[in-house]
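Please treat every number below as a calculation from the coordinates, not as lab data. Nothing here was measured: the structure is a model prediction, and the numbers come from that model. FYI the Cβ positions are ideal-geometry reconstructions off the backbone, even for glycines, and counts take in every protein chain you see.
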Amino acid sequence: MASVSFVTRVILSKNVINTGRFATLSNTGFIKFYSTAPQYENIKVDVVGTKKNVGLIQLNRPKALNALCKPLFIELGKAVNDFDADQSIAAIIITGNEKAFAAGADIKEMQNNTYSSNTKDGFLKQWEDISNCGKPVIAAVNGFALGGGCELAMLCDIIYAGEKAKFGQPEINIGTIPGAGGTQRLPRYVGKSKAMEIVLTGNFIDAHEAEKMGLVSKVFPVDKLLEETIKLAERIGTHSPLIVKMAKQAVNQAYETTLKSGLVYEKSIFYGTFATADRKEGMTAFIDKRSPNFKNE
């Protein structure tokens, strides 16, 4: 993960930080405070959407450009796990503010780490909470998603970006390499050549280039990003939660196995849907020309 202090110096030297306002979530008209959620220091948690079925997690260290320190990730993992266990939540969104999704890791936190301490303590193990989430997780990226920020976005299932977003893995500039999936997930998104270029140069790529590469699904105006991401989550929420989870598992399997093995896995999941009440309801509703009433069974 890249150093936030290093990234900040690079950003400032390039004069690419603007003085635009932070995103004000309440202005979207979709936000409702999640009153039953724990109080956090490094993130904000809301339930959003017209049906209040989308969990929203906002990284909240604006003075540090949302640097990904350990306390933040502990809170993030707890919030993701809580939303994953909440039957009323269909999908989860992780976002930052207009300046930064997350501009890297806190170098001071890692400075005195050693190979031995990293190994014994399982450094970065908290990141697994995001990748282990059964529900769809969507990254809404405005501003900088660099180093660990880019890796966090890639941990999510779908990435939507604001038109001023910038992605990168600049760890090479501080004498290390990505450590939370940057060298492994990035080639799966953009191919070996592009991934090598990004990792070995430390260069940033903008939102439109990221979309062309396949790293980002769609790009929106900065002030429309969160609204559009919530719409996507709500669209996913119209389907059977059980079948959505099974579909996510099947797609993820494509990145972890051969095509032949993946096709066998897909077929087994497909067959498995025929043991669910929601598959029967979905097909019956289609034949009857009505909206399905899924029960998550």
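Quick notes
- Rounded FRET efficiency, nearest 0.05, which uses the C-beta distance separating Glu163 from Ser193 and R0 of 22 Å: 0.30
- Helix axis angle, 225-236 relative to the chain longest principal axis, alpha carbon, degrees: 30
- In region 90-242, the DSSP beta bridges split such that about 10 percent are antiparallel, to the nearest 5.
- Kirkwood hydrodynamic radius (C-alpha pairs) into Stokes-Einstein, the chain, 37 °C and 0.692 mPa s, D in µm²/s: 165
- Taken along the Cα-to-beta-carbon direction at a fixed 7 Å, the label points for Thr257 and Lys70 span 3.6 nm.
- Most mobile of Asn203, Asn118, Asn42 in a GNM of the chain (Cα contacts under 10 Å): Asn118
- Extension gain for Gln39 to His239 (0.36 nm times residue separation, less C-alpha to C-alpha distance): 68.9 nm.
- Computed from the C-beta positions of Glu227 and Gln111, the FRET efficiency with R₀ = 30 Å rounds to 0.15.
- Among Lys267, Lys78, Lys52, residue whose mean-square fluctuation peaks in a GNM of the chain (springs only between Cα atoms under 10 Å): Lys267
- In nm, spacing of pseudo-spin labels at Gln184 and Thr284 (7 Å Cα→C-beta vector): 4.3
- Net lengthening on full extension, Phe274/Asn203 (0.36 nm per residue, minus Cα-Cα): 20.8 nm
- FRET efficiency, 1/(1 + (r/R0)^6) with R0 51 Å, evaluated for Asn293 and Lys120 via beta carbons: 0.50
- On Cα atoms only, tilt of 259-273 relative to the major axis of the chain in degrees: 50
- Rounded to 10°, Cα long-axis angle of helix 192-201 versus longest principal axis of the chain: 30
- Beta bridges assigned by DSSP with both partners in the chain are antiparallel in approximately 35 percent of cases.
- Note on Asp121, Asp157: ascending count of other Cβ atoms within 10 Å places them as Asp121, Asp157, the fewest first.
- Debye log10 I(q)/I(0) at q = 0.15, 0.19, 0.20 Å⁻¹ for region 241-288, Cα point scatterers: -0.44, -0.63, -0.67
- Restraint check, Lys51/Lys192; Lys78/Lys108; Lys78/Lys280; Lys78/Lys120; Lys78/Lys231; Lys63/Lys245, Cα-Cα greater than 30 Å: Lys51/Lys192; Lys78/Lys280; Lys63/Lys245
- Given their separation in residues at 0.36 nm each and the Cα-Cα distance between them, Lys267 and Ser131 gain 46.7 nm when the chain is fully extended.
- Between the exposed loop cleavage positions of the chain, defined as chymotrypsin sites (Phe, Trp or Tyr not before Pro) in a non-H, G, I, E, B DSSP state with at most 11 neighbouring beta-carbon atoms within 10 angstrom, the longest gap is 1-254.
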